[in-house]
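What follows is one structure encoded as structure tokens, with my remarks underneath.
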Amino acid sequence: MPLSFARSAALLDHRAAYGTISRLLHWALAALILWQLLGMTLRALLGRTPLVSFFVGTHQQVGTVIFVLVVARVIWMLAMRNRRPAHGAGLLGWMAKAGHAALYLAMVLVPLVAILRAAGSTRGFAPFGFPVFAPRETDIGWMKTLGDSLHGELGWVLAALIGGHVLMVGVHEILWRDGTLSRMVSRRRARNL
Ligand code: HEM
Ligand code: HEM
């Protein structure tokens, strides 16, 4: 059936544009990560207020959803690696690839070290009330140290990487006008189908 073939092909990435699954994962994760960073920025600026408590109250759950989606995204990125839009040759292409790799690394590590810290803690880890790791009698030292020393710091590094990423998208759109944004927004617009 040509129609359903076209529909399922639209789910996959293409040299000219990202497919529906990559785009859904990209924008859902962008919204959820920005939610986390907004909450933690308000906490740093305002201290304990009812608004900040609301964000802090959602932080573990939203972070866990992010971790699950990031694992799905890494698997999908590897499956699509030979079909994705290329980043061009030369230094600029290399920098785009390195920037995306850094974003992936930070997206994996930030929630991972927080979940490890919770897994080895006396409070346990039960996102959405679902017990994943039972509370321990004493903290596991290295898990706590890893989380305490890396989670927040890498969270701010991720924020800086996102800032650079959005800045570069702006450069592509305003200066170079090469349609980079449209390949993550709409396959139809990118390929003019
Ligand atoms: C939390 C925020 C964000 C993260 C973590 C993030 C991460 C990424 C990553 C890893 C890629 C590489 C392709 C992939 O594997 O999906 C990418 C591509 C892209 N992102 Fe983002 N992104 C974020 C927010 C944004 C925002 C706000 C915009 C729009 C201004 C944007 C526009 C794009 C575009 C246009 C591409 C395609 C670039 C290309 O093909 O060279 N992203 N993003
Ligand atoms: C991508 C997802 C996440 C992002 C971007 C993120 C980001 C952050 C940031 C920026 C801070 C503030 C650090 C500071 O005050 O300097 C923070 C704190 C915190 N986060 Fe997350 N987080 C994420 C996921 C998680 C998860 C999954 C958990 C729990 C399992 C968690 C638990 C905590 C806790 C307990 C704190 C307060 C203690 C600390 O600063 O380490 N976070 N997070």
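The values are calculated or read from the model by the stated rules, or taken from the named source; none is laboratory data. Worth saying up front: this structure is predicted, and the values here are computed from it rather than measured. Note: ideal-geometry Cβ built from the backbone for every residue, glycine included; neighbour counts use all protein chains shown. Just so you know, the surface numbers come from the protein's heavy atoms only, side chains and all, with ligands and any DNA or RNA stripped out. Shrake-Rupley method; radii C 1.70, N 1.55, O 1.52, S 1.80 Å.
Descriptive notes on the structure:
- Taking amide H as placed 1.01 Å from N in the peptide plane, Leu12 has its amide H under 5 Å from the amide H of Thr20, each at least 5 places away in sequence or on another chain.
- Selection from Gly93, Phe128, Val65, by position along the positive dipole direction of the stretch 2-191 (Cβ): Gly93
- Three-way shape call for the chain based on the alpha-carbon gyration tensor, with the a/c threshold at 1.5: prolate
- Sum of side-chain charges, Arg81 neighbourhood, beta-carbon under 15 Å (Lys, Arg +1; Asp, Glu -1): +4
- Accessible surface ranking for Glu153, Glu173, 1.4 angstrom probe, highest first: Glu153, Glu173.
- Charge context of Ala31, other residues only, Cβ under 14 angstrom, K/R +1, D/E -1: +2
- Dipole-positive endmost among Ile33, Ala9, Val52 within the stretch 2-191 (Cβ charges, Cα centre): Ala9
- Environment charge at Ala118 (Cβ cut-off 11 Å; Lys +1, Arg +1, Asp -1, Glu -1): +3
- Placing +1 on each Lys and Arg Cβ and -1 on each Asp and Glu Cβ, with no other charges, gives the stretch 2-191 a dipole about its Cα centre of roughly 800 debye.
- Per-residue [θ]222 nm for the chain (sum of -39500 (n - 2.57) over DSSP H runs n ≥ 4, rounded to 500): -25000 deg cm²/dmol
- If you take the Cα centroid of the stretch 146-162 and the Cα centroid of the stretch 9-64, the two points sit 15 Å apart.
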